[in-house]
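First up is the structure itself, then whatever we jot down about it.
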Amino acid sequence: MNPPKVNEYDYINFLIATQKAYSCSEAERVQPESPNAAAHDAITRLLHRMEPSTEQLWQEAQSEVRLSQGILVVDDSTLDKWYAEKMELVTRHWSGKHGRVVQGINLITLLWTEGDRHIPLDYRFYEKSVDGATKNDHFRSMLATATARGFAPRCVVFDGWYSSLDNLKLIRGYGWSWLTRLKRNRHVNPDNTGNRPLHEVAIAATGTVVHLKGYGFVKVFKIVAPNGDIDYWATNDLNLSELQRLQFAEFAWAIEE
């Protein structure tokens, strides 16, 4: 059997060097001149041999993280594929970048960060038609894996998409703190007079403790942007200061980058 013409390091170097095009045809085009240069078919075969493995990612990341320090961040991103009709993994997703539903590949990522360093730990491809798992299922699965690996983070930060009661209670059950955004229509009870939508309640930028329906007491921060947009950040750490909230939110922004 002839040895393969390319290996994973050749492909990784291509991904690092390329600017726009990431196809196997492009990888063939930019190969160094050689009488035995790899064709795009050889690169395609390499990718089929290299099944993605989250365990391999963890093996690389394990020595770079501190289990009881830093925060965990969960978010998903969509690589839009406007013209893909029969491409695997391509389904319809909401895209924050485009502000609407688009066709693309959705990747859910778990990141560890302490502000200066950002280490991806785990990931899941959203492909409900194949494995039946929702984004929330993947969210809970990655956190369950993280706790099994011994993580005890200062906080878990995630987008409002994952702020269901089941997810919040799961994180609380691990003994961890969480920080997320809540929609303006989430029901809270601020003064033991009954539940009402969050946007009808007086919430301070420095944080106000309220009772979240179905969960318990949380601390909510009302953040007003210069353009008038309002975000409601919430945490189960009732002692979390606005400065700490801002720090965690800035740390979490690294996953967007």
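Here, each number is a calculation from the coordinates, and none is a lab measurement. Everything quoted here is computed from the prediction, not taken from an experiment. No Cβ is skipped: glycine too gets one built from the backbone with ideal geometry, and neighbour counts run over all protein chains shown.
Tabulated results
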{"read-out": "Listed residues ALA133, ALA152, ALA234, most fluctuating in the chain (Gaussian network, C-alpha, under 10 Å)", "value": "ALA133"}
{"read-out": "J(HN,Hα) series, the stretch 169-182, from Karplus relation 6.51 cos²θ - 1.76 cosθ + 1.60, nearest Hz, glycine and proline x", "value": "5, 4, 5, 4, x, 7, x, 9, 8, 10, 9, 8, 9, 10"}
{"read-out": "Using alpha-carbon coordinates, inclination of helix 8-17 to the longest axis of the chain, degrees", "value": "70 degrees"}
{"read-out": "LEU165 versus THR44: modelled label distance in nm, points set 7 Å from Cα along the beta carbon direction", "value": "5.1 nm"}
{"read-out": "Karplus-derived 3J(HN,Hα), 6.51/-1.76/1.60, for each residue of the stretch 35-44, Hz, glycine and proline x", "value": "x, 10, 5, 6, 8, 5, 5, 5, 5, 4"}
{"read-out": "The stretch 174-250, relative contact order [Cα under 8 Å, separation at least 6], %", "value": "30 percent"}
{"read-out": "Nonlocal amide H pairs with ASP122, under 5 Å, H built at 1.01 Å", "value": "LEU110"}
{"read-out": "Projected label distance in nm at LEU243 and LEU57, using a 7 Å step from Cα toward the beta-carbon", "value": "3.4 nm"}
{"read-out": "Cα-based helix-to-principal-axis angle, 135-148 vs the chain, degrees rounded to 10", "value": "90 degrees"}
{"read-out": "Estimated vicinal HN-Hα couplings, Hz - the stretch 206-222 in sequence order (Karplus 6.51, -1.76, 1.60; Gly, Pro = x)", "value": "7, x, 10, 7, 9, 9, 7, 3, x, 10, x, 7, 9, 10, 10, 10, 9"}
{"read-out": "Near-label residues of the stretch 206-222 by backbone N, under 16 Å of a point 7 Å along Cα→Cβ of ASN189", "value": "209-219"}
{"read-out": "Over 31 Å between alpha carbons, listed pairs LYS20/LYS169; LYS135/LYS222; LYS20/LYS222", "value": "LYS20/LYS169; LYS20/LYS222"}
{"read-out": "Protection proxy ranking of 221-227, 164-170, 191-197 - average other beta-carbon atoms within 10 Å, highest first", "value": "164-170, 221-227, 191-197"}
{"read-out": "Amide H contacts of GLY207 (H built 1.01 Å from N, under 5 Å, at least 5 apart or other chain)", "value": "LYS222"}
{"read-out": "Mean separation of Cα contacts under 8 Å, 6 or more apart, over the residue count of the chain: relative contact order %", "value": "13 percent"}
{"read-out": "Choice from ASP159, ASP41, ASP137 with maximal GNM fluctuation in the chain (Cα, 10 Å cutoff)", "value": "ASP41"}
{"read-out": "Partners for LYS213 among aspartates and glutamates (Cα-Cα distance below 15 Å; same-chain residues under 8 apart left out)", "value": "ASP166, ASP191, GLU200"}
{"read-out": "Between 0 and 90°, nearest 10: helix 242-252 axis offset from the chain longest Cα axis", "value": "20 degrees"}
